[in-house]
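Enquirer: My questions will all concern the structure given below.
The values are calculated or read from the model by the stated rules, or taken from the named source; none is laboratory data. Since this is a predicted model, take the numbers as computed values, not measurements. Side chains are part of the model used for accessible areas, which takes the heavy atoms of the whole protein and leaves out ligands, DNA and RNA. Shrake-Rupley method; radii C 1.70, N 1.55, O 1.52, S 1.80 Å.
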Amino acid sequence: MTYVSSPQAPGGMTVPLLFGWQHILAVLLVLVAVAVVFLLIGATGAGGNERSEWQAWLDARAGRRADPAGEPLDDPAEPVGSEPR
């Protein structure tokens, strides 16, 4: 017995409208999740490093300078604005 199909109505869709979109949606959701995790890890890790690098730069900049003759210019024991001994 031969199978006889009924003819499709003009303009009838044979493939569902959202066919295949679930794969694209799943990939997009995975990409968004990876991006959020990447941003969270980056935000938590960068905060401490930048501050410690900045603090190290400030500490190096605030080092004592010496006179060309080899004598220190300021004595850390003397208060600022006092007369030299």
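Enquirer: Solvent-accessible area of residue 54, probe 1.4 Å, all protein chains present, reported in Å² to the nearest ten, please.
Expert: 140 Å²
Enquirer: Tell me, what ³J(HN,Hα) does each residue in the stretch 16-21 have, in order and in whole Hz, if you take phi through Karplus 6.51 cos²θ - 1.76 cosθ + 1.60 with θ = phi - 60° and put x for Gly and Pro?
Expert: Whole-Hz 3J(HN,Hα) from phi for the stretch 16-21: x, 4, 9, 5, x, 5.
Enquirer: How much length would be gained if the chain were fully extended between residue 52 and residue 26, taking 0.36 nm per residue of separation minus their Cα-Cα distance, in nm to one decimal?
Expert: On the way: separation 26, 0.36 × 26 = 9.36 nm, distance 4.02 nm.
That pair, residue 52 and residue 26, stretches by 5.3 nm at full extension.
Enquirer: While we're looking at this one, here's another question. Report the gain in length on full extension from residue 5 to residue 17: 0.36 nm times residue separation, minus Cα-Cα distance, nm rounded to one decimal.
Expert: 2.1 nm
Enquirer: At 1.002 mPa s and 20 °C, plugging the Kirkwood radius over alpha-carbon pairs of the stretch 1-41 into Stokes-Einstein gives what diffusion coefficient in µm²/s? Spell out each step's value before the answer.
Expert: Working: Rh = 14.2 Å.
D, rounded to a whole number, is 151 µm²/s.
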